[in-house]
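The numbers here are math on the coordinates, done by the rules we state, and not lab data. Keep in mind that this is a model prediction, so the values were computed, not measured. In this analysis, Cβ positions are derived from the backbone assuming ideal geometry, glycine residues included, and neighbour counts consider all displayed protein chains.
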Amino acid sequence: MLELGTTAPDFSLPDVVTGRTISPGEFKDSAALLVMFICRHCPYVKHVQGELARLGTEYQQRGVGVIAISSNDASTHPDDAPESLKAMSQELGFTFPLCYDDSQAVAKAYAAACTPDFFLFDRERRLAYRGQLDDSRPKSDKPVTGRDLRAALDAVLAGHPVSAEQTPSMGCNIKWKRGNEPQYFKG
């Protein structure tokens, strides 16, 4: 896992909706930066996608920069190809960019392991939270609330430290291209 306090890795990726190149530097004046690794096919993402749309809109209005990234191999998972991701973004009304990481280099730089996976950086772009949205899972009786990520966002926005007790995300493994698996995944 990426260590708390790590500086946000830089990247430049195309937004699947606009085609515009997006990088964390675009959000340099934001109070915080939320980077979410998601995809279209994963049942865990499908379970929380409505909350992701709500959370993104709400926290963008509070000054948080929000970026979603899909790094899955689209040759083996065509639902995660850019055109399909564009449809997903439009259907869900995402107000934040959804980028496609074809090389998978960004997922590696963030040590992203699954979808969904969340990385919250404070104003100085130091990692303050990397963990789950909440404890709801597909086919569980627990409602999707975004509780864990919302608590981290609220703490960062208030200038308070985020609890070091953070539950890792759970979901589908990132679908790595054959031979492209990162060392942390292999071992």
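Quick notes on this one:
- When the Cα positions of ASN180, GLN166, PRO138 are compared along the charge dipole of the stretch 112-187, ASN180 comes out farthest toward the positive end, with charges on each C-beta of Lys, Arg, Asp and Glu.
- For the stretch 13-186, the tally of Lys pairs with Cα-Cα distances below 18 Å comes to 9, considering only residues 8 or more apart or on different chains.
- Any cysteine of the chain lacking a neighbouring Cys Cβ under 4.7 Å - listed by number: CYS39, CYS99, CYS114
- Exposure proxy order (Cβ contacts within 10 Å, fewest to most) of LYS28, LYS46: LYS28, LYS46
- Share of Cα-Cα pairs in the stretch 39-94 lying beyond 18 Å, as whole percent: 33 percent
- Efficiency of FRET between ASP102 and THR167 - r from beta-carbon atoms, R0 35 angstrom, step 0.05: 0.70
- Choice from SER140, SER75, SER84 with maximal GNM fluctuation in the chain (Cα, 10 Å cutoff): SER140
- Computed over the stretch 13-186: relative contact order in percent, which uses C-alpha pairs under 8 Å that are six or more apart: 27 percent
- Cβ-Cβ FRET estimate between LEU92 and GLN183, R0 fixed at 35 Å, reported to 0.05: 0.55
- FRET efficiency for ASP141 and ASP79, using Cβ-Cβ distance with R0 set to 25 Å, rounded to 0.05: 0.40
- Global geometry of the stretch 13-186, whether rounded, prolate or oblate, following the gyration tensor of its Cα atoms and the 1.5 cut on a/c: rounded
- Among ASP135, ASP101, ASP122, the residue with the largest mean-square fluctuation in a Gaussian network model of the chain, with springs joining Cα atoms closer than 10 Å, is ASP135.
- The charge dipole of the chain, taken about its Cα centre with unit charges on the Cβ of Lys, Arg, Asp and Glu (plus for the first two, minus for the last two), comes to roughly 160 debye.
- Antiparallel DSSP beta bridges within the chain, percent to nearest 5: 60 percent
- Largest GNM mean-square fluctuation across GLY56, GLY25, GLY171, computed for the chain with C-alpha springs under 10 Å, falls on GLY25.
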